Amino acid sequence: MTPASLEQTRAAIKGIAREEWGRVLASLVGQLRDLALAEDVLQDAVVAALGHWPRDGVPAQPRAWLLQTARRKAIDRLRRDANFQAKRAELAVLHELDRQAGQDDLDESIADERLRLIFTCCHPALAEAARVALTLRTLGGLATEEIARAFLVPEATMAQRLTRAKRKIKAAGIPYEVPEPDLWAERLGSVLSVIYLIFNEGYAATSGEAPTRGELCREAIRLGRILAQLVPEEPEAAGLLALMLLHDSRRVARSDAQGNLITLEQQDRARWDQGLIAAGARLLESALAQGSPGPYQIQAAISAIHAQAPSATATDWRQITLLYGELYALQPSPVVRLNAAVALSFAEGAEAALPTLAELERQGALASYQPFHAAHADTLRRAGRKTAAAKAYRQTLALTRNAAERRFLEGRLGDMLG
C-alpha cells in the first residue's frame, strides 16, 4: 500500500469511527453499564481498526466489527480488574454477546440504548452545561474541540468539564435508563438541547471536508421522533422535530456536486424536500395549537417562512425579524441577538444591522464564535464596506475548520480585495 493510499484508508477509518461512534457507544454502555469503560474500549477498537483495516481492508460491516472488537477489549479489561469476581456477571454477558457477534440488528437494538444514554447524561445531578456537553461527546461523537466552540470556552476547560461529568455519573451511581414519566420534566430541556445541537453539527459541520454531516442530522431527527412520541403533550418536543425537518429539507441544496458551499439566497429551491417541509409545517401547526409557544416552536416558525418562500427575494424578513424579537424575549442570548441583526439586515438593509453587530463585537462574548464573524463580514460586504469586510473575513477564516466553508470564505475575501 502506497503512503497516499494508506493515508486515504486511515482517513476513511476515522470517518467511519466518527459516524458510528454514538451508535456503538450507546450499545456498549447498555451492556457494560459503565460510561468510562465503554468509551475506553471503543477508543481501543478504533486504534485496532487503524492497525488492521489498512492491511486487511475495511470490513463489510464496520459498525459490527467495532462493536465486537470493543466487547473483546472490555473482556480483557474486566479480566485484569482487581474486582474480577464482582465482574463475572458482566463477563458472562459479554462472552455470550461476542459469540453472537454478526447476528446483531444494530439499527433496531441501539435506538432505545441511545435514548437511555441521553437521559443518563442529562441527569439533574449534573450541571446543565455538563449534561449537554457530555451527551454531545458520547452520543453525537463530537470532538472536545467542536463542543468547546459550541459553548464558547477553551478546549482545556471543556475537557475538564467532560471528565468531571463522567466521574460524577459513576460516583453517584446514576442509573442508565429512561426515567419514569414524572421525572422527565427535570431533564427534558437538556434532552431537547442535546438533540438540536447534534442536528446543528450535522447541518453546519464545524470541521471536515463537507459542509454537512448527514448522518448526524438523520440521527437527531430519529431521536427527535422517539422523544416526540414519548411526550406527545409537550409542544416544544414537536416544535424541535418540526424545526429539524424544516432545516433538513434544505440540507442537500447547501452544497454542489463538488462539495462547495451554496448560500441560502443562491440555493436551487427545486432541490428542497417538499415532503419534509409539509411534515414540518404540520407538526409546527399542531404544536402552536397547544397555546404554549417556546423557543423551538418560534425557531421552527422562522424556518417555515424560509422553507415556504417561493424565492429568496420573496422571503418575509420583517416577520422573521419580529419572531427573533419574540425569541430574544425568551432567550436573551448574544447568539439570538446576532440572528436578529442578520434578519434586520435583510429586512431593512445591511446598514441597519451594523450598529448591533458593532456592539456585539465590543461586548466580546462572541469573539471566538465563527458564525458571528462570518455574519459580520457578509453584512459589511453587502453594505459596500470592502476594507472592513476583508478584515472580518480574515477573522472568520482564522476560526474556520471546515474545508468547504474555508473555500467559500476565501472566495469572498478575494472579491473584497479584487
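The values are calculated or read from the model by the stated rules, or taken from the named source; none is laboratory data. These numbers come from a predicted model, not from an experiment. All Cβ positions, even for glycine, are placed from backbone atoms using ideal geometry, and neighbour counts span all protein chains on display.
Considering segment 240-272 alone, what residues qualify as being among the acidic types (Asp, Glu) and in a helix (DSSP H, G or I)?
Start the filter on segment 240-272 by keeping residues that are among the acidic types (Asp, Glu), which leaves 248, 256, 265, 268.
Hits for segment 240-272 are Asp248, Glu265.
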**Study point:** Tally of residues being over 16 Å from Ile75 (Cβ atoms) and touching a residue at least 12 places away in the same chain (Cβ under 8 Å) across segment 35-54
**Key:** 8
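Would a scan of segment 192-205 turn up a residue that is touching a strand residue (DSSP E or B) at 6+ places or on another chain (Cβ under 6 Å) and either at pLDDT 80 or above or in the same structural domain as Ser368 (by TED's automatic domain parsing) (or both)? Break it down into steps so the answer makes sense when it comes.
So the first thing to find is which residues in segment 192-205 are touching a strand residue (DSSP E or B) at 6+ places or on another chain (Cβ under 6 Å), and the list is 205.
Restricting the remaining residues to those that are either at pLDDT 80 or above or in the same structural domain as Ser368 (by TED's automatic domain parsing) (or both) gives 205.
Scanning segment 192-205 turns up at least one residue that is touching a strand residue (DSSP E or B) at 6+ places or on another chain (Cβ under 6 Å) and either at pLDDT 80 or above or in the same structural domain as Ser368 (by TED's automatic domain parsing) (or both).
Let me confirm something: among Leu243, Leu276, Leu230, which residue is farther than 23 Å from Ile320 by Cβ and out of contact with any strand residue (DSSP E or B) (no Cβ under 6 Å at 6 or more places or on another chain)? So that I can check it myself, show each step before the final result.
On the way: Leu243 fails: farther than 23 Å from Ile320 by Cβ; Leu276 fails: farther than 23 Å from Ile320 by Cβ.
Of the residues listed, the single one that is farther than 23 Å from Ile320 by Cβ and out of contact with any strand residue (DSSP E or B) (no Cβ under 6 Å at 6 or more places or on another chain) is Leu230.
Can you name every residue in segment 122-147 that is in a helix (DSSP H, G or I) and over 18 Å from Leu32 (Cβ atoms)? Before you say what the answer is, go through the steps one by one.
Filtering segment 122-147 for residues in a helix (DSSP H, G or I) gives 128-138, 144-147.
Answer for segment 122-147, where residues must be in a helix (DSSP H, G or I) and over 18 Å from Leu32 (Cβ atoms): Glu128, Ala129, Ala130, Arg131, Val132, Ala133, Leu136, Thr144, Glu145, Glu146, Ile147.
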Check your understanding: With respect to Gln229, is the statement that it is farther than 25 Å from Glu113 by Cβ and either assigned to a loop (DSSP other than H, G, I, E, B) or over 20 Å from the mean Cα position of the chain (by Cα) (or both) true?
Key -> no
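How many of the residues in segment 194-219 are among the small types (Gly, Ala, Ser), surrounded by 20 or more Cβ atoms within 10 Å (Cβ to Cβ) and in a helix (DSSP H, G or I)? Let's see the steps before the verdict.
The first filter runs over segment 194-219 and keeps only residues among the small types (Gly, Ala, Ser), leaving 202, 204-205, 207-208, 210, 214.
So of that shortlist, the ones also surrounded by 20 or more Cβ atoms within 10 Å (Cβ to Cβ) come out as 202, 205.
If we keep only those that are in a helix (DSSP H, G or I) as well, we get 202.
Of the residues in segment 194-219, 1 are among the small types (Gly, Ala, Ser), surrounded by 20 or more Cβ atoms within 10 Å (Cβ to Cβ) and in a helix (DSSP H, G or I).
Would it be correct to say that Arg337 is at pLDDT 95 or above, surrounded by 15 or more Cβ atoms within 10 Å (Cβ to Cβ) and out of contact with any Phe, Trp or Tyr (no Cβ under 7 Å at 6 or more places or on another chain)?
Values: at pLDDT 95 or above: yes; surrounded by 15 or more Cβ atoms within 10 Å (Cβ to Cβ): yes; out of contact with any Phe, Trp or Tyr (no Cβ under 7 Å at 6 or more places or on another chain): no.
So Arg337 fails the test.
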Check your understanding: Could you say whether any residue in segment 100-115 is at pLDDT below 85, among the acidic types (Asp, Glu) and more than 18 Å from Arg23 (Cα to Cα)?
Key -> no
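One line per residue, one yes/no per condition, for (1) outside the structural domain of Ala143 (by TED's automatic domain parsing); (2) at pLDDT 85 or above; (3) surrounded by 21 or more Cβ atoms within 10 Å (Cβ to Cβ); (4) part of a helix (DSSP H, G or I):
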| residue | (1), (2), (3), (4) |
| --- | --- |
| Ser5 | yes, no, no, yes |
| Arg10 | yes, no, no, yes |
| Gly30 | yes, no, no, yes |
| Gly51 | yes, yes, no, yes |
| Leu66 | yes, yes, yes, yes |
Check your understanding: Which number in (1) in contact with a Gly (Cβ under 8 Å, 6 or more places away or on another chain); (2) under 23 Å from Leu322 (Cα atoms); (3) small (Gly, Ala, Ser) marks the one condition that Ala358 misses?
Key -> (1)
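Taking segment 390-415, which residues are over 21 Å from the mean Cα position of the chain (by Cα), of a type in the set (A, V, I, L, M, F, W, C) and either buried (at least 20 other Cβ atoms within 10 Å of the Cβ) or not assigned by TED's automatic domain parsing to the domain that holds Gln370 (or both)? So that I can check it myself, show each step before the final result.
Within segment 390-415, the subset over 21 Å from the mean Cα position of the chain (by Cα) is 390-395, 397-398, 407-415.
So of that shortlist, the ones also of a type in the set (A, V, I, L, M, F, W, C) come out as 390, 392, 397-398, 408-409, 413.
Ala392, Leu409, Leu413 - these are the residues of segment 390-415 that are over 21 Å from the mean Cα position of the chain (by Cα), of a type in the set (A, V, I, L, M, F, W, C) and either buried (at least 20 other Cβ atoms within 10 Å of the Cβ) or not assigned by TED's automatic domain parsing to the domain that holds Gln370 (or both).
Yes/no per residue for (1) under 27 Å from Gln308 (Cα atoms); (2) in the same structural domain as Arg412 (by TED's automatic domain parsing); (3) surrounded by 19 or more Cβ atoms within 10 Å (Cβ to Cβ):
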residue: Thr321; (1), (2), (3): yes, yes, yes
residue: Gln331; (1), (2), (3): yes, yes, no
residue: Ser345; (1), (2), (3): yes, yes, yes
residue: Gly349; (1), (2), (3): yes, yes, no
residue: Leu366; (1), (2), (3): no, yes, yes
residue: Ala388; (1), (2), (3): no, yes, no
Point to revise | Selection status of Arg222, surrounded by 15 or more Cβ atoms within 10 Å (Cβ to Cβ) and in contact with a strand residue (DSSP E or B) (Cβ under 8 Å, 6 or more places away or on another chain) | key: no
**Study point:** Pair list, Cβ < 7 Å and 6+ apart or interchain, from segment 350-374 residues that are touching a residue at least 12 places away in the same chain (Cβ under 8 Å) to residues that are of a type in the set (Gly, Ala, Ser)
**Key:** Ala350/Ala383; Glu351/Ala383; Ala353/Ala341; Ala353/Ser345; Leu354/Ala383; Thr356/Ala341; Leu357/Ala341; His373/Ala392
Check your understanding: If you check Ala171, Ala150, Ala156, which single one turns out to be under 22 Å from Gly15 (Cα atoms) and assigned to a helix (DSSP H, G or I)?
Key -> Ala150
